[in-house]
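Peer 1: The following block contains the structure, expressed as structure tokens.
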Amino acid sequence: MTQSKKSTTNAAATNTKSRSQPKIKFVGLHAHSVAGSIFDAIGYPQAHMDFCYENGGEALALTDHGNMNGLAYQVLHAKKMQEAGKEFKPIFGCEAYFTPSIAEWHDAYNKAMEDKKKARGIKKDAQSGATVEDESDSKKTQGILKRRRHLVLLAQNQTGLNNLFKLVSESYQPENFYRYPRIDYALLKKYNEGIIASSACLGGVYAGNYWEYREEGEEAVLDAMRESTSRMVDIFGDRWYAEIQWNNIKEQHELNKYVIQVAKEFGVKLVTTADSHYPNPDAWKDRELYKRLGWLGKGRPSWAEDESQLPEGVEEIGYELYPKNGDQMWESYKHYSKEQGFEYDDDLVLESIEETHRIAFQRIEKFLPDNTVRLPEFVVPAGFTATQALVNFALEGLKDKGLHTNKVYTDRLRHELNVIDDRGFSKYFLTMKSIVDVATDMMLTGPGRGSAAGSLVAYALNITTVDPIKHGLLFSRFLRSDAKDYPDIDYDVSDSMTLKEKLVEMWGADCVAPISNWNTLQLKSLIKDISKLYNIEFTEVNTVTSIMIREATPMAKQKHGIKAGVYAPTWEEVMEFSPTLQAFLNKHPAVKTHVEGLVGQVRSCSRHAGGVVIAENLDENMPLINSGGVRQAPWAEGQNVRHLEPMGFIKFDLLGLSTLKMMEGAIYHILKRHHGVEEPTFAQVREYYDKHLHPDVIDLNDQNVYKNIFHSGKWAGIFQFTEHGAQQFCTRVKPTNIIDVSAITSIYRPGPLAANVHDEYVEAKESPHYIQYLNEDAREITEETFGFLIFQEQIALLAHKLGGLTLDEGNMLRKVLTKKGTGKGSVKGKLHDKFIQGCVSKSIPRDEAQALWDKFEYFSGYGFNKSHAVSYSIISYQCAWLWNYYPAEWMAAFLDKEPESRKEKAINIAKKYGFEIAVLDVNESGTVWEISDDGKTLIQPLTSIKGLGMSAIEQVLNNRPFMNAEDLLFREEVSYSKLNKKALDALCRGGALDKLVDDRFTGRKHFWSACVVERPKNLKKLSENIEMFAPEGDFSEEEIIQFKTELIGVFPINLVITTETIEKLKEKYIPPISEFDEELQICWFIPRKIVEKKTKNGKLYWIVEAIDSNNELTRIRCWGVKPEKDQLHINRPYMSRLDYNEQWGFSTRSIRHNFRLLG
């Protein structure tokens, strides 16, 4: 998650020596950040904390709207400030959404839902972890259903923090959430210990009384406030505070007067708050723009109804919402009270400002959240410690594999268990084993992913299924005895969502929570959105955003000394190195200002692809949120942000791999067709896999598989070999074992390719007798890769065998080699010296040792993780094995799992290998691609028809065969509320009813009109319809193409161009447009749509949307169009010479000269 440079660094730019020294003590107890107040506040917590410190502050609370998503930022930055010698106290809080009684709300809701007309308007909104506050909506009278008031809650200590976590978690529960996460008096009564509360802003608790009773007079307002105060004091006692604020809003001052009076009556202390929403005084305009970005495409919120332009100055807004110090708060009070014509008691206001400091330092403890690592106790069997249980399970697993008497295995297992125990990771492995035990009963799982495949303990526990000793995989690549971070086992499964749902069902939603992803404003989309608000022409903006990253990448790589591989430049680098973007920003300086202030700010909440947290009582130990109805952790864990582990939580990655689902489908078909199993269960699928495909039993040296698939280039659905380049490289290498396949996939990456490793590797493999090895140890380690250092583990092994480094040091060497500097004091320098001395002690000349070190450095940037490469290559081999021995079953599974966007391409691949594709048929098609008895025809499933639901499909499957129209329309057993008119329409236009069109009908359109459009209620009406619609005849070819494309998502290319024509084009090296070769320039395609456009000069041009045999849509710009001369037929094949550049894509200067109709 990138963050705005402006929002994170501006505040800290001031030298500590110039830190403000305010005379009045004050602490901001009401403050927001972008981490939790999305499209309302800007700046991450650390930016607010840094400015507050430089502005003379000693502490700052974070009270985001309804959540504590920013707490991890707050905690980590507080530690960073402490390490830098900056004494600054973080205060943990939340501005909750409050309603007096959720039980009463439910009564009102249920009553309202009885009125169908009202029910449509009050239907529950979807839950989101990224609640967007509409500030004006809360500052007015509200009916009970939409009523929500703000309530500031601050944790005094760890008990209070746990209660605050519980309150937030409860507020997102379905029974409490309506449009916003809510709490009430009952929840506060239950979880108030250790919490300080205050009445908040113009949207707060007291403000609610004010808005609801102001029309009834002062006494009515005061009575309502007295009732609220009485109830809050009953819950919180002297921990309840009355909050006042200072701005130029008249209603705020009216409210202040009421609050002061009620506080005096009840002896409640007053506090003044800044309610800060941006990290420094200059950021107000960025916040105004950010608020507007939040409503783009959603309609305008009530607060922006009269604000089409951004304010010119902050005085137009009427308040400044940055982290002020005590003197600035006093100035705001004096300025705004005078401006609005209200008089206050100065001593009372001063007391309310200084009271915040007393709360922060006398009532709130100085503490950081308990970050003890939390893993579930239920994974440890009763009567055992975690380590005892792990040892028992590991030994039992080794015994089950028949390896318990092999000293190499038992010694390795003992070593690994000792490291795991010393590091305190036993419970982690037990948790992972518990996940695996659930997963393997439900679905196929991957052999291994990442470095975990190097662990024998993981293999013994069946977390991985690749024997690390047999394949030469290192434990030290996965876990070092001297490292400090937790292990990270990524686990591939065929259906991650189903597994996670099962874990939640078994262990509870308070024990299993998916991890959040916080999506941020990216440079490209941000430029477009800001430009839209400033009414800048879209074409001008799009021209810039389409090429700026490509322009900047070469210079950015050069800046970092990167010579090869993929590199994504930062937004600062794009702005620095893209001349097109620079020119645009110079022309529109306001866009530049806002981009710098807003890039990296939070845009939305989503869910991590596979990450979950597993621990007991999560709702008490973190403030859980809900997004899309799913309970999830509020903090992220990824490449840019690591918030879970520092807070005491471990991420478990359960990742969906569609290839495993494809394998399940293939085995399902194998069992049906070759083993007589009518409806295979998963247990039977698992049994077949374990017997034939498990890495421990499959013959990984079956040369038939290598020759027929990898050498011949039969790539249908072969994992890791979907790219044309990888396919070509593989056929050149001609692998004969798993290490060869692993090397191919490791080399076919941008870095090694740019260094020409692929060509050198092929040459070495073809002439192994020319390879020279330094010595026998070097030969032993690198012979399998023909002298190349393809795998990172090879560097560690060579450093260990030749240079005397331990395996842990060898793995550390792998990590530090890419870092600059080899000075004596650095880790890299020390390892370098030890390696050279070790080599010399083994009679290797110093210059040869140095040459080997240099080779390490060269290849370290390109080397790949062998554990991962071998594990994934085994999956590739399993696919190839199935394709080789069960082609029809594999192809059916392949077609079933390919996404719609690639379905046409997949169908063409099936045809290429000799399979017939049967049309949809209501009596033959099922829920997956089926196989004909002779294995030569693949039958499309009913599930491929868009708009045809499962309930309708079930009616078809349960009641077929249907013999004719009457049988389809008037079957007593059929539920026609499910197989309704909409379903029949989809079936008919999708072609699934074609075989029911008998001699009574003049064609398919006649059938459709008589049986579906005018759905007959009885046989008499059907007869009348057949007679009435007889002139309709058949669908036109254009209609069929439209129906197939709309309903099945596959362009029926066979209706437009024959397979023979495509083959002839291929023979003449004329590729489809999606495989365009810039050197050839000629390609073929089928126009699907013509969009007329005009240039700035008013000249007509066309944008032609074209499709080809790969089912990929491509746009072609056709310049200089003359309608009277340029003819272009939709849905007809053309061959053309086209121009191509990365900015404009495909184009032609003349349709009539360059386009040729085929056939």
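The values are calculated or read from the model by the stated rules, or taken from the named source; none is laboratory data. Computed from a prediction, not measured in an experiment: that's the story for all the values here. Cβ atoms come from the backbone with ideal geometry, glycine included; neighbour counts cover every protein chain shown.
Peer 1: With respect to the numbered conditions (1) surrounded by 14 or more Cβ atoms within 10 Å (Cβ to Cβ); (2) farther than 30 Å from THR431 by Cβ; (3) of a type in the set (A, V, I, L, M), which one is the sole condition not fulfilled by ALA568?
Peer 2: (1)
Peer 1: Right, something else. Determine, yes or no, whether HIS608 is buried (at least 22 other Cβ atoms within 10 Å of the Cβ) and in contact (Cβ under 8 Å) with a residue 40 or more places away in the chain.
Peer 2: Taking the combined requirement at face value, the residue does not satisfy it.
Peer 1: If I filter the range 210-257 down to residues being of a type in the set (Gly, Ala, Ser) and within 45 Å of the chain's Cα centre (by Cα), which single residue comes out as surrounded by the fewest Cβ atoms within 10 Å (Cβ to Cβ)? Spell out how you get there, then give the answer.
Peer 2: At the first step, the residues of the range 210-257 found to be of a type in the set (Gly, Ala, Ser) are 217, 220, 224, 228, 230, 237, 242.
If we keep only those that are within 45 Å of the chain's Cα centre (by Cα) too, we end up with 228, 237, 242.
Numbers: SER228: 22, GLY237: 9, ALA242: 26.
Here the residue is GLY237.
Peer 1: Mind checking which residues of the range 755-773 are assigned to a helix (DSSP H, G or I) and either of a type in the set (Lys, Arg) or under 12 Å from GLY861 (Cα atoms) (or both)?
Peer 2: If the condition is that a residue be assigned to a helix (DSSP H, G or I) and either of a type in the set (Lys, Arg) or under 12 Å from GLY861 (Cα atoms) (or both), then LYS765 is the only one that fits.
Peer 1: Report those helices (runs of 4 or more DSSP H) wholly inside the range 393-508 carrying at least 3 residues which are surrounded by fewer than 21 Cβ atoms within 10 Å (Cβ to Cβ).
Peer 2: Here the list reads 407-423, 426-440, 496-507.
Peer 1: While we're here: Can you pull out every residue in the range 263-279 that is in contact (Cβ under 8 Å) with a residue 12 or more places away in the chain, surrounded by fewer than 23 Cβ atoms within 10 Å (Cβ to Cβ) and in a helix (DSSP H, G or I)?
Peer 2: Selection gives GLU265, PHE266.
Peer 1: With the requirement that a residue be touching a Lys or Arg at 6+ places or on another chain (Cβ under 9 Å) and at pLDDT 60 or above, what does the range 289-311 give you?
Peer 2: Of everything in the range 289-311, those that are touching a Lys or Arg at 6+ places or on another chain (Cβ under 9 Å) and at pLDDT 60 or above turn out to be ARG292, LEU293, GLY294, LEU296, LEU310, PRO311.
Peer 1: Now a separate question. For the range 670-698: of the residues being over 37 Å from the mean Cα position of the chain (by Cα) and part of a loop (DSSP other than H, G, I, E, B), which is modelled with the lowest pLDDT?
Peer 2: GLU678
Peer 1: Looking only at the range 357-374, how many residues end up being within 36 Å of the chain's Cα centre (by Cα) and buried (at least 20 other Cβ atoms within 10 Å of the Cβ)?
Peer 2: 2
Peer 1: Can I ask one more? For the range 836-847, does any single residue satisfy the condition of being among the charged types (D, E, K, R) and under 40 Å from the mean Cα position of the chain (by Cα)?
Peer 2: Taking every residue of the range 836-847 in turn, none turns out to be among the charged types (D, E, K, R) and under 40 Å from the mean Cα position of the chain (by Cα).
Peer 1: Listed residues GLY36, GLY93, GLY28; which is more than 26 Å from the chain's Cα centre (by Cα), buried (at least 24 other Cβ atoms within 10 Å of the Cβ) and outside the structural domain of ASP282 (by the TED database)?
Peer 2: Of the residues listed, the single one that is more than 26 Å from the chain's Cα centre (by Cα), buried (at least 24 other Cβ atoms within 10 Å of the Cβ) and outside the structural domain of ASP282 (by the TED database) is GLY28.
Peer 1: Look at the range 740-783 and say how many of its residues are among the aliphatic types (A, V, I, L, M), closer than 22 Å to SER871 by Cα and in the same structural domain as ILE795 (by the TED database).
Peer 2: Counting residues in the range 740-783 that are among the aliphatic types (A, V, I, L, M), closer than 22 Å to SER871 by Cα and in the same structural domain as ILE795 (by the TED database) gives 1.
Peer 1: Further, regarding this structure: Name the pairs: first residue in the range 1091-1103 and of a type in the set (Lys, Arg), second residue assigned to a strand (DSSP E or B), Cβ to Cβ under 8 Å, at least 6 apart or on different chains?
Peer 2: So the pair list comes out as LYS1093/LEU1100; LYS1093/TYR1101; LYS1093/TRP1102; LYS1093/ILE1103; LYS1094/LEU1100; LYS1094/TYR1101.
Peer 1: Any chance the range 533-543 includes a residue that's among the β-branched types (Val, Ile, Thr), touching a Ser or Thr at 6+ places or on another chain (Cβ under 9 Å) and surrounded by fewer than 20 Cβ atoms within 10 Å (Cβ to Cβ)?
Peer 2: Step one: filter the range 533-543 for residues among the β-branched types (Val, Ile, Thr), giving 536, 539, 541, 543.
Filter again for touching a Ser or Thr at 6+ places or on another chain (Cβ under 9 Å), leaving 541, 543.
Imposing the further condition that a residue be surrounded by fewer than 20 Cβ atoms within 10 Å (Cβ to Cβ) reduces the set to 543.
Scanning the range 533-543, I find at least one residue that is among the β-branched types (Val, Ile, Thr), touching a Ser or Thr at 6+ places or on another chain (Cβ under 9 Å) and surrounded by fewer than 20 Cβ atoms within 10 Å (Cβ to Cβ), so the answer is yes.
Peer 1: Quick one: how many residues across the range 710-726 are more than 16 Å from TYR872 (Cβ to Cβ) and either of a type in the set (S, T, N, Q) or touching a helix residue (DSSP H, G or I) at 6+ places or on another chain (Cβ under 7 Å) (or both)?
Peer 2: Final tally of qualifying residues: 5.
Peer 1: Continuing with the same structure: Say we look at the range 783-812 and pick out the residues that are under 38 Å from the mean Cα position of the chain (by Cα) and over 25 Å from LYS830 (Cα atoms); which of these is surrounded by the fewest Cβ atoms within 10 Å (Cβ to Cβ)?
Peer 2: GLU784
Peer 1: At positive phi and not aromatic (Phe, Trp, Tyr): does that describe GLY610?
Peer 2: no
Peer 1: Provide a single number: the residues in the range 1131-1159 that are farther than 22 Å from VAL544 by Cα, touching a helix residue (DSSP H, G or I) at 6+ places or on another chain (Cβ under 8 Å) and part of a loop (DSSP other than H, G, I, E, B).
Peer 2: Counting residues in the range 1131-1159 that are farther than 22 Å from VAL544 by Cα, touching a helix residue (DSSP H, G or I) at 6+ places or on another chain (Cβ under 8 Å) and part of a loop (DSSP other than H, G, I, E, B) gives 5.
Peer 1: If you don't mind, there's one more thing I want to ask. For residues that are within 16 Å of the chain's Cα centre (by Cα) and closer than 15 Å to ARG374 by Cβ, tally how many sit in the range 644-667.
Peer 2: Qualifying residue count for the region: 2.
Peer 1: Follow-up question, since we're still on this one. Do you know which residues across the range 817-833 are touching a helix residue (DSSP H, G or I) at 6+ places or on another chain (Cβ under 7 Å) and either more than 21 Å from ALA755 (Cβ to Cβ) or modelled with pLDDT of 90 or more (or both)? Steps first, please.
Peer 2: Of the range 817-833, the ones touching a helix residue (DSSP H, G or I) at 6+ places or on another chain (Cβ under 7 Å) are 817-819, 821-823, 827-828, 831-832.
Across the range 817-833, the qualifying residues are GLY821, THR822, GLY823, VAL827, LYS828, LEU831, HIS832.
Peer 1: Could you check the range 894-916 and list, in sequence order, the residues that are modelled with pLDDT of 90 or more and within 18 Å of LEU942 (Cβ to Cβ)?
Peer 2: Taking the range 894-916 first, the residues modelled with pLDDT of 90 or more are 894-897, 910, 913-916.
Matches in the range 894-916: LEU895, ASP896, LYS897.
Peer 1: Name the strands (runs of 3 or more DSSP E) wholly within the range 1040-1125 that hold at least 2 residues that are touching a Pro at 6+ places or on another chain (Cβ under 8 Å) and surrounded by 13 or more Cβ atoms within 10 Å (Cβ to Cβ)?
Peer 2: By residue number, 1082-1094, 1100-1107.
Peer 1: Check GLU215 against each of (1) in a loop (DSSP other than H, G, I, E, B); (2) without any contact (Cβ under 8 Å) to a residue 12 or more places away in the chain and name the one condition it does not meet.
Peer 2: Going through the list (1) in a loop (DSSP other than H, G, I, E, B); (2) without any contact (Cβ under 8 Å) to a residue 12 or more places away in the chain, GLU215 breaks only (1).
Peer 1: Take the residues of the range 840-850 that are free of Cβ contacts under 8 Å to residues at least 24 places away in the same chain and surrounded by 13 or more Cβ atoms within 10 Å (Cβ to Cβ): which is nearest to LEU813 (Cα to Cα)?
Peer 2: That would be GLN850.
Peer 1: Quick one: how many residues across the range 377-398 are on the phi > 0 side of the Ramachandran plot and of a type in the set (Ser, Thr, Tyr)?
Peer 2: So the count comes out to 0.
Peer 1: Of the conditions (1) within 25 Å of GLU1142 (Cβ to Cβ); (2) at pLDDT 90 or above, VAL504 satisfies every one except a single condition; which number is it?
Peer 2: Against the list (1) within 25 Å of GLU1142 (Cβ to Cβ); (2) at pLDDT 90 or above, VAL504 comes up short only on (1).
Peer 1: Could I ask something else about it? Quick one: what pairs do we get from the range 91-107, first residue among the charged types (D, E, K, R), second at pLDDT 95 or above, C-beta under 6 Å, 6+ apart or different chains?
Peer 2: GLU95/THR63; GLU95/HIS65; GLU95/HIS150; GLU95/VAL152
Peer 1: Now a separate question. Determine if the range 918-932 includes at least one residue that is touching a residue at least 24 places away in the same chain (Cβ under 8 Å), among the small types (Gly, Ala, Ser) and in a loop (DSSP other than H, G, I, E, B).
Peer 2: Filtering the range 918-932 for residues touching a residue at least 24 places away in the same chain (Cβ under 8 Å) gives 919-923, 925-931.
Next, from what is left, pick out any that are among the small types (Gly, Ala, Ser): 925-926.
If we keep only those that are in a loop (DSSP other than H, G, I, E, B) as well, we get 925-926.
Scanning the range 918-932, I find at least one residue that is touching a residue at least 24 places away in the same chain (Cβ under 8 Å), among the small types (Gly, Ala, Ser) and in a loop (DSSP other than H, G, I, E, B), so the answer is yes.
Peer 1: Does the range 386-423 hold any residues that are in contact (Cβ under 8 Å) with a residue 40 or more places away in the chain and farther than 16 Å from THR465 by Cα, and which are they?
Peer 2: ALA386, ALA389, LEU390, VAL408, ARG412, HIS415, GLU416, LEU417, VAL419, ILE420, ASP422, ARG423
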